[in-house]
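First the structure, in the form of structure tokens, and then the observations on it.
Read-outs throughout are calculated quantities, based only on the coordinates presented, and are distinct from any laboratory measurement. Quantities reported herein were computed from a predicted structural model and do not represent experimental measurements. Using ideal geometry, Cβ is built from the backbone for each residue, glycine included, and neighbour counts are taken over all protein chains shown.
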Amino acid sequence: MSPSARVLVAASFAAAVLLGAPEGKADEQGELEKARIAYRRKDYDDADKRFRVLLHPSTGTLRDTALIAEARMYWGAVHVARGQSERAAALFETLLFDRPDFEPDALRIAAEAMDLFIDVRSKLRDRLARQASRRAEEELERKRQRDRLRQLAAERTVLLEKMAGEQVLIVRHSRLVALVPFGVGQLQNGQAVLGWTLLAIQAAAVVAASTSFVVYRMQLSEASDAYARSDFLRADGWRSRAVDTRITNLASVGLLVGTAVAGILHAQLTFVAEHVEVRSRPIPPAVPSVVLVPVPEHQGMGLSLTVTF
């Protein structure tokens, strides 16, 4: 299945889930409303049966946390009306431990039930405060763990991208290449500074030797012409300059030959058979993935459609 098709299927599934959720919530609210009506008309037996079905630990039909808290409040009020204050107090304790910030509707709940709820909340104030502090610490620790996991995932992604974006090649060297002058052997061995230095020296020596040889031949020609004209003074001057130029030429040739031989010997003695070369290569773009993430809402849990890369 192509990436675009996966995104379309996931989006369709998410839409179906999200569109179907309000119907289930409406059913829960309807059943809760029936139980509330039974309480308000003081049919406490019927109300007790209905709330028992809604809040049964294993088969209870309520799933929304806000509705569960409200149902517990009303069921506790039913117990108060039937003279079962201990059961009501136990329900209120459970309610407050699950929803410490719950505030009942004082206009719909009997005053006796409201008084008992306030008394239970006052008695549990310290425990609720400790619970809130513990939950805050746990949430902070979970956040730290999530941040750490995200950091590790990001570092892993960077490492994987680096590994995927690099191509490691083993380059094998040749002894024949090491016989080439002008620093070629040194450059092959990875001795860049020495290689470029030899290249510059030997290139300069070639230029100097070539130029001085041309000048030397021109000076000899001028001397020969002067001798032919019987201008011996000028001829001796050109010959003297030719001798100096010849010395420069020989020195340049000597420098070229000496550095070339020394460079070749050095390249052979320090020969490196192979080296590892790392080359970059393009990384294909990331393929988006669709994830359905449950998120808390004001009236319970919902689903969030998240696209990640």
When a/c is below 1.5 the answer is rounded, else prolate if a/b is larger than b/c, else oblate, so apply that to segment 230-289 with a ≥ b ≥ c taken from the square roots of the Cα gyration tensor eigenvalues. oblate
Sorted by Cβ neighbour density within 10 Å, fewest at the top, the residues MET114, MET218: MET218, MET114
Descending packing, highest mean Cβ count within 10 Å first, for 223-233, 78-88, 136-146 is 78-88, 223-233, 136-146
Just to be sure I understand the model, the point goes 7 Å from the Cα along the line to the Cβ. What's the resulting ARG121 to ASP236 distance in nm? 12.8
